[in-house]
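Some notes on the structure that comes next.
The values are calculated or read from the model by the stated rules, or taken from the named source; none is laboratory data. What you see is a predicted model; the values in this text were computed from it and never measured. Using ideal geometry, Cβ is built from the backbone for each residue, glycine included, and neighbour counts are taken over all protein chains shown. Keep in mind that these areas ignore ligands, DNA and RNA; they rest on the heavy atoms of the full protein, side chains included. Shrake-Rupley method; radii C 1.70, N 1.55, O 1.52, S 1.80 Å.
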Amino acid sequence: MKKLLMLAFAATLAGQAFAADPIAQRKDVFKQYKPVVGGMGKMVKGETPYNKDEFAKLAGELEALSQKPWQHFPAGSATGKTDAKPEIWSKPAEWQKAIDNHKAATAKLKQVAAGGDLGAIKVQFGATQKTCKACHDAFRKD
């Protein structure tokens, strides 16, 4: 019983440490992007059959994810095991514009996906990916 209590206590402490680590939190959110974008990309490229409902679901997930990582970039979180460039904090207006562009593109992708027009979806998926690349180019050490 004592070992079980110690294990539960250790797990609680580990969870609190993770919750207090903005670098780990933002990395966790960005890891969630990969399967979502990957699934959409396979449909857009024709690697898997296009499924309107599945694509729309994934587009909704991506739009929801696009709201989450930005709160995990507080001042002082530029050091440690991070790929974030210092420009995030030294150029806050540019950083915010990149965030806003990404959020707008994912919202539009969700809207276009609901219509089911694969041609329009391909165009907007490409535009959305460009917002990811632009942010990586300017604000991420690759």
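Points worth noting:
- Carbon + sulfur, % of accessible area of the chain - ligands and nucleic acids excluded, 1.4 Å: 61 percent
- Environment charge at residue 74 (Cβ cut-off 13 Å; Lys +1, Arg +1, Asp -1, Glu -1): 0
- Net dipole in debye of the chain [+1 Lys, Arg Cβ; -1 Asp, Glu Cβ; about Cα centre; nearest 20]: 260 debye
- Taking every full run of DSSP H in the chain, the ones that stretch at least 24 Å from end to end by Cα along their long axis and average 0.5 or higher on the Kyte-Doolittle scale are 2-19.
- Working from label points 7 Å from Cα in the Cα-to-Cβ sense, the residue 30 to residue 83 distance is 0.5 nm.
- 1.4 Å probe accessible area per residue over the chain, in Å²: 62 Å²
- Helices in the chain, meaning DSSP H runs of at least 4 residues, each add -39500 (n - 2.57). Divided by all residues, the mean residue ellipticity at 222 nm is -25000 deg cm²/dmol.
- Label zone at residue 94, where the point sits 7 Å out along the Cα-to-Cβ direction: the stretch 110-142 residues whose backbone N lies under 17 Å: 131-142
- Sequence-separation-based contact order of the chain, relative, with Cα cut under 8 Å and 6+ spacing, percent: 25 percent
- Fully extending the segment from residue 134 to residue 48, taken as 0.36 nm per residue of separation minus the present Cα-Cα distance, adds 28.3 nm.
- Overall shape: oblate for the chain, with the ratio a/c of the largest to smallest alpha carbon gyration tensor axis at 1.5 or above and b/c at least equal to a/b.
- For a straight C-alpha distance cut-off of 20 angstrom, the aspartates and glutamates reachable from residue 122 (same-chain residues fewer than eight places away being disregarded) are 47, 53, 54, 61, 63.
- Unit charges at the beta carbon, dipole of the chain: most positive-side option, 112, 88, 101: 88
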